[in-house]
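Report on the following structure.
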Amino acid sequence: MQTQILERMESEVRTYSRSFPVVFTQARNARLTDEQGREYIDFLAGAGTLNYGHNNPYIKQALVDYLASDGIVHGLDFWTAAKRDYLETLEELILKPRGLDYKVHFPGPTGTNAVEAAIRLARVAKGRHNIVTFTNGFHGVTMGALATTGNRKFREATGGIPTQGASFLPFDGYMGEHIDTLDYFEKLLGDKSGGLDVPAAVIIETVQGEGGINVAGLEWLKRLESICHAHDILLIADDIQAGCGRTGKFFSFEHADVVPDIVTNSKSLSGFGLPFAHVLMRPELDKWKPGQYNGTFRGFNLAFTTAAATMRKYWSDDTFERDVQRKGRVVADRFQAIAAWISEQGIEASERGRGLMRGIDVGSGEVADKITHKAFENGLIIETSGQDGEVVKCLCPLTITDEDLLEGLDILETSVKQALS
Ligand code: PLP
């Protein structure tokens, strides 16, 4: 396999190609093929960007038809038929059935663009600078978003410029099972000398993806919402990884019956892996003046087209979400069995997650790496997350066939046994 030019020219900043050092050429649903014709089952799915699989034929057809009709590809933030169709579909199939009323801001197309816009909007709307975020949170690596991201690896890479404007609080479970970390938040808010600048907003992932598949309890989330309401603080749900069906509902906060003031989506929003993000906001929060937060790639018409097709195909009723929940239970059962086996070998391990966002915490990055390397040798692409990379995580396409799901789980189990015995 010819990799010299890739190794020589691409910056050292590259990551995934270190874990999976082959040249990929094709992909379909949950299977990737490399240049040698070797197939892999994909439990990474673009880090949660390919919820509907690689080259989903239905979505691809919508894209091909649009291109074939010379539809607008780039249009700054012009009104286009594709944008109108996207907004209509979003309103009819996603927002209205959930009783949600949001205006939509199209920032740049990546997750961190959406987070930057969301926290900026919260600051403008409330006239306060501080954003409360949580331990192990990951919200992106541009300066504003980075300030709300916990991991030192990213925070240290600013060339000495301090990350500013955010305060960290312990996520649910961070202080152990029996401590409700929101007691601390509430106490600080009520204490004029507690040192916490009253925040404009709280930003939260209901399930922390990069931070180690840490799952916020549903009651904890509901209490967070009511604390925010009581103190006039906006609640931002960063649903960039946990949204678009990953946890078994379109929005991950639906499980907790929480209504955030602002929502960020990206990753799987286009349905096809095209760069695309939006920020949803309660209408009265739309404090932007025309062009005040701009960018060349504000809404990508190809992504409007694929995203609308995705909503029509998968979100017209609850069939798809029930199937995701069913597959989530399959993965959970198997992960529990694998974790139990690992624990029997003297390495404490446990399973956690919601829907098809699941992980096995094996306690150390070294052990997790051994497992994922072995898995790759055996034809499974699976990555780690957590502060030390100690959680082996499954983010397989939600559309994965049962056969591929079971085969992937079999490969993982074999790989764990090979790596640890
Ligand atoms: N927010 C969350 C919850 C994420 O998981 C990520 C990326 O993993 C981001 C924000 C940043 O998205 P991007 O990498 O597209 O900038």
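Miscellaneous remarks
- Positive minus negative residues near Y314 (Lys, Arg vs Asp, Glu; Cβ under 11 Å): -2
- Angstrom value of the Kirkwood radius, inverse mean 1/r, which spans all Cα pairs in the chain: 22.1 Å
- Within a Gaussian network of the chain (alpha carbon springs, distance under 10 Å), most fluctuating of M357, M143, M281: M143
- C-alpha center-to-center spacing [the stretch 205-219, the stretch 371-421] in angstrom: 20 Å
- Per DSSP, loop trypsin sites (Lys or Arg not before Pro) in the stretch 199-291 with at most 16 further Cβ within 10 Å: K287
- Among the trypsin sites (Lys or Arg not before Pro) in the stretch 35-116, those located in a DSSP loop and surrounded by at most 13 other Cβ atoms within 10 Å of their own Cβ are R38.
- Exposed GluC sites (Glu not before Pro) absent - longest run of the chain, DSSP non-H/G/I/E/B, at most 13 other C-beta within 10 Å: 178-347
- Spacing of the modelled spin labels on N55 and Q418, each 7 Å from Cα toward Cβ, amounts to 2.7 nm.
- This model, with +1 at the C-beta of Lys and Arg and -1 at the C-beta of Asp and Glu, gives the chain a dipole about its Cα centre of some 960 debye.
- Estimated 222 nm signal from helices in the chain, with DSSP H stretches of n ≥ 4 weighted -39500 (n - 2.57), rounded to 500: -11000 deg cm²/dmol
- For a paramagnetic label modelled on Y174 (point 7 Å from Cα along Cα→Cβ), amide N atoms under 17 Å away belong, within the stretch 363-388, to 386-388.
- A Förster radius of 25 Å, combined with the Cβ-Cβ distance separating V64 from E91, puts the computed FRET efficiency at roughly 0.45.
- Here the calculated FRET efficiency for E35 and E7, from their Cβ-Cβ distance with R0 = 22 Å, stands at 0.90, rounded to the nearest 0.05.
- Listed residues T25, I236, V124: farthest to the positive end of the dipole of the chain (Cβ charges): V124
- Separation of the stretch 230-255 and the stretch 76-155, taken as the distance between their Cα centroids, equals 11 angstrom.
- The chymotrypsin sites (Phe, Trp or Tyr not before Pro) of the stretch 203-278 include none that meets both conditions, a loop assignment by DSSP and at most 10 other Cβ atoms within 10 Å of the site Cβ.
- With a threshold of 28 Å on the Cα-Cα distance, the over-threshold entries among K96/K313; K103/K192; K222/K327; K267/K327; K287/K313 are K103/K192; K287/K313.
- Nearest-0.05 FRET efficiency for K287 and E366, computed from C-beta distance (R0 41 Å): 0.30
- Each residue of the stretch 353-359 was assigned a 3J(HN,Hα) from its phi angle through the Karplus curve 6.51 cos²θ - 1.76 cosθ + 1.60 (θ = phi - 60°); the sequence is x, 9, x, 9, 10, 9, x Hz, with glycine and proline shown as x.
- Sequence-separation-based contact order of the chain, relative, with Cα cut under 8 Å and 6+ spacing, percent: 23 percent
- Length released on extending from R84 to D410, taking residue separation times 0.36 nm less the Cα-Cα span: 112.9 nm
- Gain upon complete extension [V73, R28; 0.36 nm per residue less C-alpha separation]: 13.8 nm
Values in this text are rule-based calculations from the coordinates and carry no lab data. All of these numbers come straight from a predicted model, not from anything done at the bench. As a convention, Cβ positions derive from the backbone with ideal geometry for all residues, glycine included, and neighbour counts pool all protein chains shown.
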